Structures are given as structure tokens and as C-alpha cells.
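The values are calculated or read from the model by the stated rules, or taken from the named source; none is laboratory data. Since the model is a prediction, treat every value here as computed from it, not as a measurement. Counting neighbours? That spans all protein chains shown, and the Cβs are built from the backbone with ideal geometry, glycine included.
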Amino acid sequence: MKELFVLAEHRQGELRDVTFEMLTKGMELSQKTNADLTAVLLGHNVQEFAKKLANHAKKVLIIDDARLENFNAEAYQRVLFHLISERKPSLTLVGHTAFGVDLAPSLATELNLPLATDCIDLKFEGEKLVVIRQVYGGKVNVKASLRKSDSYILTLRPATFEAQETKPQGGKIVKIASPLSEDITYKRFIEYFQPPAGEVDIATADIIVAIGRGIKDTENMLVVEKLAEALGGVLACSRPIVDKGWLPNDRQVGTSGKIVKPKLYIAIGISGQFQHISGMKNSDLIIAINKDSKAPIFRTADYGVVEDLFKVVPSLTDKILEEKH
Amino acid sequence: MDFELTEEQMAIKKAVKEFCEKEFTPELALELDEKEEYPMALYKKAAKLGFTSMRFPEKYGGQGYGVLEDCLVIEEMCRSDPGLGVAVTLGTLMLPDLLLKHGTEEQRQKYIPPLCTGEKISAAAFSEPEHGSDITRMDTTAVKSGNEWVINGSKEFITNATVADFFCVLCQTDPKVTPSHRGESMFAVDRGTPGLDATKLKGKMGIKPCVTGSLSLSDVKVPETNLIGELNKGFYYALELFDETRIAIAAEAVGMAQGAFERAFSYAKERKQFGSPIIQFQGISFKLADMATKIETARLITYKAAWLFDQGKMDPMITAMAKAYASRVAMDVTDEAIQIYGGYGYLADYHVERFHRCAKITEIYEGTTEIQKLTIVRYLLKRM
Amino acid sequence: MNVIVCVKHVPETAEAEIAIHESRKRIKTEDLVFDINEWDDYAVEEAVLLKEKLGGSVTAITVGSEDADSTLRKCLARGADKAVRLTDKAFEGSDSYAIAKILYKIIKDLPFDLILTGAQAGDDGCAQVGVVLAELLGIPHVTMVKKVESVEGHVKVNRELEGGLEEIVEAKLPVLLAVQTGINEPRYISIMGIRKAMKKEMKVLGLKDVGLTEEEVGESGSWITVEKMFIPPVEKEAEILTGGVDEIATKIVETLRAKGLI
């Protein structure tokens, strides 16, 4: 029977969430397309991971090799090239993560298989594989079809497909000998680096007031700081603010920053790219202030204000201070 | 005939725009408007990028462009903020232009390069307490004494007075000749020369970051080599300079009008009254249509004046028209911008009132609108 | 260090309203302002910084229409030495894979130690071109680059991972690096830069010059084909608070009070 591959992603001793999201989506697809859902696990001493994956897949292929302990696109690619060429899965799912973007495009090129990246939905229409992707920062969706092939590779956007608990699948764990014959010499993993933490840990805050690109200048930042102060909350931000150097990167909310779950999240001048959304969407109450009524943030927020932040925020701050007295 | 900017000119405009978007923050504009303080750091930054030396030759560290390219920079900066824009672009005021036309090579080498890099600032000291538009007689005198000239007198409304390192000072060197303007000469005077004193003038209506002041010169001694050009030709040199700098003032006016217009336009799209954005009311939308039309015409005549100058066909009548017209447009447009904002427009935080206050100067300095009209009529009479 | 930097001319859409074109295959771009892709802006700056430190040259390359000249000029004004624009009617409809193939055909014959690209483009967000290009060239690549240090014959690079974590990797030259935003502070364009840019070499090459056939580029040479574009369906929408600024503020305060947040 055909296989449907899900490439397990792990880092520093943990399987990453995106793996289970892909397995859930993969299960649904494998049933529809009559393929065996197969988790592919590359690493070193990862038996524990294999057991966990076996609960979610029909099969788990393990390739154990010390050279695979930490992610290295070159080593991973070499192994996967062998595996995919040999077993010809109908589809290989990879997370659209720092891991996936470093691996999938070169792997697809070497295998000469069509690839679509950062997909938020997918289905087979007959033989044809159709995906939905987001473009222009999430303002537009694209339905795209892949060039016809007997095997495809897709990267799936993290935190988009829900990982569901299913009854244990009791998947078969199959060890495969590592095809790596020599060391990868042209690229080497050295170490992980965790930038030093600042004074404020936004991940533990109950109230977060976050700013984004729409803030325009540092003067408006002061206005927002006052609001955060009035609420007894902390100031956080989306990526562009860190890129500009206006706030340190430990204040960044999103996939490349912190995942937060406060009781109140006020997003000011943040358009709502998915990288940011996935960092804050589980907040209890979300209020968004943005001039652009079509900003994607309004699809996540509970309450929205379509106004110039410069006008709303000071007024809101005053009212909150009044209320507190 | 070609009404389009070249690829290079568009790149210049864009470069200035990107600079202003980051550096001309509303915060800084409001602060310096209130404090009446010169944006020294901003001037130096802009100079390093070449924005303040557009019209000076590469040989002296300038950018080797013409007046038109200079106007593009001025317009874009004043569009971003009128006060900061004027202050920054007037940092290299007149002295280099004067020296390029009439100075000796030594004078050029000494004064122009440090102005281009932004290390130094220049000023032109023509106006006096008793002589504003009328510079046909100077009360400030320069008297020859051995190898030196001794200058005495006072100057008023001098842009950059308290921040400038170099001044070009218009003096009466022959008090007896008639008409008196045939006895005026230009001198270069350096800051720090004993007897030279500058006082800041406070309480201007607009362009507050551009510092203005008075100069007092008491027995200021400068070497003979500081005479610029020929003796007793100063008046003519000054008039000639105005033909160039007036185009720049027209560009300031166009930029200020554009900046106020854009703010009012986006406000009119957002501001809702009686259930709909106010731009949907003709009372507002017709205003905006008129404003845009006026700005476009002012820009066209300003660019034409600049183009003629750069082609070596400088036309004092067109220049005067450009300055008189563009400055009036700036006044009208900034006024209407406040009206569109209503009550908010009257507040500093909404910025358009600052544009209006700043716009007024363009009708006054470098020859009032009335002086421009005199010029226009004089040429009309000559030509028709 | 000879550096090639691949750039893309894209519409600025972060703060613009977007409408879908009648064909439903693209967006309407008439009223949009185009500029260099934000990630590429950082890539160009990094290329110039490396050149300033280590010597060598920087070549900027783009696949795009004539309009992309302004983006190339920007690269030249920033300090790139040469620019190449790859333009052909046949290139239209190319996806990341086809674009990487076009770039490959030109770059394979150029001398280089390092290729820089943005980690992704702000329009299609595919994050593919750099990595595919590296594979076609047979050189290593590192994506999501936050920091580059040049060591003898190597680069030492910080990659951005999730959750604020980074990893440090080393790669042998020649290598392709796809850079993440925030890696540096792109400099302002100077007038001196613009002046020099106008005198620098800018080559325009087409399908025949790169030695590809029509089938190898455009839609036929692509992995994916756009079937249609649409505005994302609304699954959940925020309750929009309306009224005057005061009224809105009052409504928010009431909500916060009701939830015990103040």
C-alpha cells in the first residue's frame, strides 16, 4: 500500500507540536486516499519519540544515527532522499518551521518532486493535489494546484491544523539503517543559543498591550506605554518593532518570539500575520485597534476598533484611570 | 516637452522620503517647534547623505546636481515637516552659491567642503533693522584699514544667526556713491571673529526649528581676502542669488502644501460625521479637489523655474511667479487643511496648524510676494 | 568576498487595501507602491556590510519586469557594484521553483563566495527560492539567518528558530544564506549612492540569454499554479465597536470591568 509520510520534528528532547498537527491531518488524508500514515523519525536515541508517534500513525520509520541528533538540513536531506526515492510515498508532510523551510525546498529539488510551502489546507482532487496558501501577509488566500506527480512534498503552517487525540493506533515501529556513509563536512551544527532574558517575562503577564508596525513612531509608543501602565499590564510587540530596535526581542509575541496566554491582550497597530497570531490567539480576551478594517487581526480578536490608535488610546487610558479612582 | 522626472530624480525623491519617514518624527517636530531649537543632529545626518549639498559641484564635496534636484529634496522634506524641512535645507544657505559664482578658488576650498559634509552651517546677513525688502542701502559699513576691512553695524532676521559658522555680510563700502547700491560689497565673516555677536530672535510664528537672530558687528576685522568678488558689486550679487534661492522657497511652499493636503485627505477619509466619512460631503471633497489642483499647478511652475535655471535660461519673471504663486497656494491649502480637521486642526498634536504657521514665511522671506509682483510686472512691461 | 544578492520587486501591502483582479489569478496592483522585498532589503545591507569588511564585490540580481529597475538601482545606491535583471514574457507565471531555475542559469557562471537572499518574499511568502537555488548550484544553504560571521573559508551563522531560540551553524563557502529581518539596520540611500548607481552596470537578459526553453519557465516550468485568489473567508470576526472615540473607550472600559480586568 502507498504511504503518506509525516516528518516528525523534534528539538532539545521534545517532539514539536506541529508533528501531531500534521499527523491528525495526515490521518484524515490517508483514510481518504487509502494510504498508510507513516511517521518518519530521524534522530539519535529517539525510541521514546517513536513510541509516542506509534499512537498516531500506522507505521513509524526510525533512522537512528548520531549525525542526526541535531537538525542539519544536509544530513536530513540525504537520508530523506533515500527514503522517499525508495518508498515513493504519495505525499510527504513537513512543518513550515525553521526546520522545514531549511529542508523541504532542497529535498524537493533533489528528488524532482513538486513542492508547495506554508499550506493552510490541502486535498486531492482526483490525482491532482490542491492546496490553500496565504499571500500578502494573510490578506489574500490562494488556491493552487501542484504539477501532477506520483509523490508530493508539502510544508504545513504550524498551529493551523488541530492536533486531536485519537485512540492509540499501535503503529509498527520499523528501524531503517542509516544511509549516511560519511560525515557531513560542509555544514555543521555547533550549538543552541538562547538570547539572555530581559527584566520582564511577557509569557507570565495577565495583561499585555502589544504594538505593531502601525505604531509608526516612538512617540506613539509612549502613548501605548501609558495605557499598559494604567492597566497594570506589560508592553509587548510584533516582529517589526523588534526589527526596528524599539523593543528588545524578549518582548516579541509570535512563533519566533514568545507564546502568550494572558487574560487580556490588546493589539494596537498589529495587522495580524499568522506568525504573530499563533503566539497570542489563546488569550482569554483579545481587543484589536487598527486603522485597516480588513486587517487579519480582526479575525482573531473578540472586539475590534477601526480607528487611529493615536486618538483611541489616550482616551481609553484616561477612562481607565478614572475608573480606577 | 517632457513633464516626467527622470529615473534618477525619482530615486532622489524616494531616498529623501525614506529618510524623512524615519527621522522627521512628529515627536521631534513638535518638540523643536515648541523649543525653537535647531535640529543639529538631523542636519548633520542629512548632510552626510548628501541632501544639503545637491546643487554644489562634486569638486567641492557637493552632489553636482541642479536646482531642480535641490527642489525635490526641499519639497520632500517640507512635506514631511515644514519646520524641520526648512531648518535642515537652509543649513547651506547662499554662501556656497555666492562663492561658486564670484569667490576665489581659496575661498571656495575653505568654505564649501565643510558645508557639504555638514560640519559647518552658513548664513547670509543682508537684512538690517531699517532695510528688509529694500537693500539698496546698507547701514552696516566696511572700511578699509591697511590689509583689513573693519565692519560695523547690525543685521536683523538672519536665518541661522546663532548656529552658523560662516556668514556672508552685505556692507556699504562706498557711502558716497549714488545710487547707493553701487557702493555695496560682500564679505565672508567667520564665527568667532572678535566683535561679531549673534542673538536669537524668539517668538516667530512658524519655522521655529530654523533659528533666526540678529547680528551685531562692532569693529569686526576681516582680512582683505575675505572680500567676495569685486568691490562694490555686492548688491548685484545679492539680487542674482535671490533668483536662485526664490525657486527653493517655492519648493518649500509646494512641499508644505502637499504635506498638509495629504494629512487632511486621509483625515477626511477616516473622520465620520452624520454616519459617513466627511470626504463624502461635497463641502469637504470639493475643497480637497481644489487643494490638489492648486498644488499641482504650483509644482509645475516651480519645476519650470528650476528647469529654466538649470538650462542656463534663468527667467526672473517665472521665478517670481513661482514664488508668489506657490507661497499663496501653501497659505490657502494649509488653511483649508485646518478647516477640514475642524476643532482638531487647531491643536498642535494634529500637525496641520504648524504647516499653516510655517507656510506664512514663504510669502515673506527672500522677497515678499509684493516684491515678486513688482518683478513680474517689470518683466511684463519689458516683454509685451 | 564576492557576494551575489537575489532581490524581488514587490508591492507594499502591509498597510494597503488589497483587491483581487477580475482574472482572480492576481491582485490589482495599479494603486500599490512597489519596492524591494523587505527581507531582501536586509540581505542587500548584509552583502554590502560584508563587502565593506572583506572587500570583493556585490552583484544584485532579480527576475522581474522593467519596473524592477528601481529596486535594482536601490541595491546599486546602497553599494552593490553590478545589477542583472532577468526579464522575459516567458518568465511570467513562474513560481519559486521556476524563478530559482532562471537565477541558477545565470549564477552558475558567475564567480561568487556567497549568495544572499531574503528568507521569504512579502508577496507569496513561499520561502523557497534561496534553498532551491542552493540545491541546483550544489552548495550548502542556511535559512532564517540572524547573524553572519566570516571565518576563514567558512561562515558562522545564527539561525532563528522558534520561541526566541537560535542555533549556531557553520558552513563552508561558497554558501547561500537566506536572511531574516532585523539582522542589521539597512542604511539610508545617500545621494552619493544614487549618483554612483546611475553609472553602474545594469544588464538585462532574457530567456535565450539564460539558456532555458519556454517549457522550463513560466507556469509550465513551475511546481505550483495559481487557480484562484480570494479574500480569506471570515470564520470568526471581532465585534467592531463603533461610535465616537469617547464612546468606544467607554465600551471597552465596560467590557474590562465586566470581566474583572480593572
Next item on the list: Scan segment C:45-77 for residues that are buried (at least 24 other Cβ atoms within 10 Å of the Cβ) and within 14 Å of chain B (Cβ to nearest Cβ) and jot them down.
Entry: C:71, C:72, C:73, C:74, C:75, C:76, C:77
Checklist line | Selection from segment A:180-220 of residues that are closer than 25 Å to residue A:284 by Cβ and more than 23 Å from the chain's Cα centre (by Cα) | finding: A:198, A:199, A:200, A:206, A:207, A:214, A:215
Notebook entry, point to check: Going by the conditions given, is residue C:261 in a loop (DSSP other than H, G, I, E, B) and surrounded by 14 or more Cβ atoms within 10 Å (Cβ to Cβ)?
Noted result: yes
Check: Of the residues that sit in segment B:1-37 and are out of contact with any helix residue (DSSP H, G or I) (no Cβ under 6 Å at 6 or more places or on another chain) and within 19 Å of residue B:93 (Cβ to Cβ), which one is farthest from the other protein chains (Cβ to nearest Cβ)?
Finding: B:36
Margin query: Among the residues of segment C:144-157, what is the count of those that are closer than 14 Å to residue A:187 by Cβ, facing another protein chain (nearest Cβ under 10 Å) and not aliphatic (A, V, I, L, M)?
Written below: 2
Item checked: In segment C:221-250, the residues that are surrounded by fewer than 18 Cβ atoms within 10 Å (Cβ to Cβ) and either more than 7 Å from chain A (Cβ to nearest Cβ) or charged (D, E, K, R) (or both) -> C:227, C:228, C:233, C:235, C:236, C:237, C:239, C:242, C:243, C:244, C:246, C:247
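Conditions tested, residue by residue: (1) surrounded by 24 or more Cβ atoms within 10 Å (Cβ to Cβ); (2) in contact with a strand residue (DSSP E or B) (Cβ under 7 Å, 6 or more places away or on another chain); (3) modelled with pLDDT under 95.
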site	(1), (2), (3)
C:103	yes, yes, no
C:107	no, yes, no
C:110	no, yes, no
C:120	yes, no, no
C:131	yes, yes, no
C:135	no, no, no
C:144	yes, yes, no
C:151	no, no, yes
C:156	no, yes, no
Notebook entry, point to check: Would you pick out the residues in segment C:3-32 that are more than 10 Å from every other protein chain (Cβ to nearest Cβ), surrounded by fewer than 19 Cβ atoms within 10 Å (Cβ to Cβ) and either of a type in the set (S, T, N, Q) or outside any loop (DSSP other than H, G, I, E, B) (or both)?
Noted result: C:23, C:29
Notebook entry, point to check: Taking segment A:249-300 on its own, how many of its residues are among the basic types (Lys, Arg) and facing chain C (nearest Cβ under 9 Å)?
Noted result: 5
Note to self: Can you say whether residue C:140 is touching a residue at least 12 places away in the same chain (Cβ under 8 Å) and more than 9 Å from chain A (Cβ to nearest Cβ), as far as the supplied structure shows?
What the structure shows: no
Note to self: As an exercise: evaluate residue A:303 against (1) touching a helix residue (DSSP H, G or I) at 6+ places or on another chain (Cβ under 7 Å); (2) surrounded by fewer than 24 Cβ atoms within 10 Å (Cβ to Cβ); (3) modelled with pLDDT under 95; (4) at the interface with chain C (Cβ under 9 Å from one of its Cβ atoms) and give the number of the one condition it does not meet.
What the structure shows: (3)
Check: If a residue has to be facing chain A (nearest Cβ under 8 Å), over 13 Å from the mean Cα position of the chain (by Cα) and not hydrophobic (A, V, I, L, M, F, W, C) to count, how many in segment C:100-137 make the cut?
Finding: 1
Check: On the given criteria, is residue C:194 within 9 Å of another protein chain (Cβ to nearest Cβ), in contact with a helix residue (DSSP H, G or I) (Cβ under 6 Å, 6 or more places away or on another chain) and either in a loop (DSSP other than H, G, I, E, B) or under 30 Å from residue C:19 (Cα atoms) (or both)?
Finding: no
Next item on the list: Need at least 2 residues that are at pLDDT 95 or above and more than 27 Å from residue B:333 (Cβ to Cβ) per element, so show me which helices (runs of 4 or more DSSP H) inside segment B:34-113 make the cut, counting only ones lying wholly within it.
Entry: B:40-48, B:95-102
Item checked: Residue identified as in contact (Cβ under 8 Å) with a residue 24 or more places away in the chain and charged (D, E, K, R) among C:156, C:199, C:146 -> C:146
Next item on the list: Pick out, from segment A:114-161, the strands (runs of 3 or more DSSP E) lying fully within it that include 1 or more residues that are within 7 Å of chain C (Cβ to nearest Cβ), surrounded by 22 or more Cβ atoms within 10 Å (Cβ to Cβ) and among the hydroxyl-bearing types (Ser, Thr, Tyr).
Entry: A:115-125
